[in-house]
Structure formats: C-alpha cells, structure tokens
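So the structure is just underneath, and the comments pick up after that.
The values are calculated or read from the model by the stated rules, or taken from the named source; none is laboratory data. All values derive from a computational prediction rather than experimental measurement. All Cβ positions, even for glycine, are placed from backbone atoms using ideal geometry, and neighbour counts span all protein chains on display. Remember, those area values only see protein heavy atoms, side chains included, never the ligands or the DNA or RNA. Shrake-Rupley method; radii C 1.70, N 1.55, O 1.52, S 1.80 Å.
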Amino acid sequence: MPDGVPKYIAVRDNLRQRIDSMDPEEQLPPEVELCKQYNVSRITLRHAVDSLILEGLLVREQGRGTFRAKGIINSQNREFISDRIQGFYRESGSSGCSIKYKVLENNVINDEEAALQLGLNADEDLICLKRLRYVDNILSHYSTVYLNASRFPKILTHDFSESSLADFLFSTYAISLAENEISVHVEKLCNRMSEVLEVEEGTPALVAQSVVKDKFGTIIAFCVAVYTPNYGDIHFHLHSIN
C-alpha cells in the first residue's frame, strides 16, 4: 500500500480501475480471494467495496456476490474530486490517463467576483489562467484559475501546457494544497463557451467552482471548470476524520 494512504482507500482506488476492464454485470472475485490479493481484512475490503457501491459502480446481490453495475462511465470519462487533494482537478491523472493542456490565456486582469472569492479587494490585480484540458487526447473541460498576482508573479512566465499548476506552486512557492471547497451546478452553455467546447449553444453542462486553500487555511486560488457533455459525471470521495 502507498505510504500514508489508508488501506481501504488504496483498495478502493485499485478496484475502481479494475471495474473499467470488467463487463457490465460481471462478478467480482469472492471476498476471501480479494482479501488475499490485497492483503487486507474483510472489514477493510468491505469498506472499500461499500464506497464503490455508494458511487453506483458496483451492485451487491444477497447470496450471489458483487457485480459491476450496468451503464456506468469508465474512469477515463469520469472526474474524481477526492479526499486526497492532488491538485486542481487532477484526479484523472492517477488512473493512468494522459493529461494535456492547451493554454488560452495567462495574464493579469481585474475581476471583482473572483477577487472577493479570493478574499482580496475588488480592484486587486489577479492572474487569470485559462486552459483546455484533454484526457487521452479527448477534450475534458475548460478551466479558469484565478490567483493573487502580487503573490504569484512567476506563474505569468511559466508554460502550463503540460505541467501541473499545483506542482508549480509547491516547487516554486512551497505551497501544499490541503482543502478544496467545491460547488457544482448545471448551466446552459452560451455561444462563446459552446464554440470552445465544440457543442451546440444551450447544451447543458456541469460547472464546478472551487476555492482552494493551503494547510494554513489561506485561500490560494478560485477555480471554475466547465465540463463537456462527455465528462458530465463527477464523483466525490469524502471521508470523516475522527
């Protein structure tokens, strides 16, 4: 198991990848066999499996076993926002997919709403990083990230076409992301956004807004992601800390 990752989370994540290669309604191996494969107890295994049942990826039938659910979307077309922050919407990368970006804009602007989300004065200069993200060469979503321009000036001169903003913040400014407050809603695409995502105007799409904080509780970024209809399935993986 990876260091620092609870066993059930490691098992859950691996099972999620295995589900992608299974046929609809295909049965998982028996509990005893899975316990041996992962070297975990039945309690740990059931915790992982129950999480996937709640996600709608697995179905348990009393007396028969556990099966892949019908009609689910494979992980390459599913966005994961998890209990382990890995960056700004970077969870797809952990499933082995190829992630690439096309940078549309990286400059200084003024935006009153974004500034307020960042806890800054309405007239403060902000960095606005706009990118299209591709997963296995398929357009995933259009993202806009706002940051404090006076605090992170080196962002303006960096190439983010293939690199992670989260990794850059860590390596350049020693910032570790620790909290992500996310809200999701459905919105009909305007003409400009529909052209960017190459769909018809008025097409319903998921829009996720997030306020990202570091381990000290300081707001680092305000992010908005607009997903293509093919990426309209977002799963949240959260657990309590007692």
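Can you classify the range 121-232 as rounded, prolate or oblate using the Cα gyration tensor, where a ≥ b ≥ c are the square roots of its eigenvalues, rounded means a/c under 1.5, and otherwise it's prolate if a/b beats b/c and oblate if not?
prolate
Among K36/K100; K36/K70; K70/K213; K70/K215; K7/K154, which pairs are too far apart, with a Cα-Cα distance over 31 Å?
Too far apart for the 31 Å limit: K36/K100; K70/K213; K70/K215; K7/K154.
Hey, what's the range 7-68 come to in accessible area per residue, 1.4 Å probe, Å²?
57 Å²
Full-extension gain between K70 and K102, please, as 0.36 nm times their residue separation minus the C-alpha to C-alpha distance.
8.1 nm
Round to the nearest 0.05 the FRET efficiency obtained for D50 and V186 when R0 = 22 Å and r is the Cβ-Cβ distance. Spell out each step's value before the answer.
Values: r = 28 Å, r/R0 = 1.28.
Given R0 = 22 Å and the Cβ-Cβ separation, E is 0.20.
Once you place label points 7 Å from the Cα toward the Cβ at V32 and R151, how far apart are they in nm?
5.6 nm
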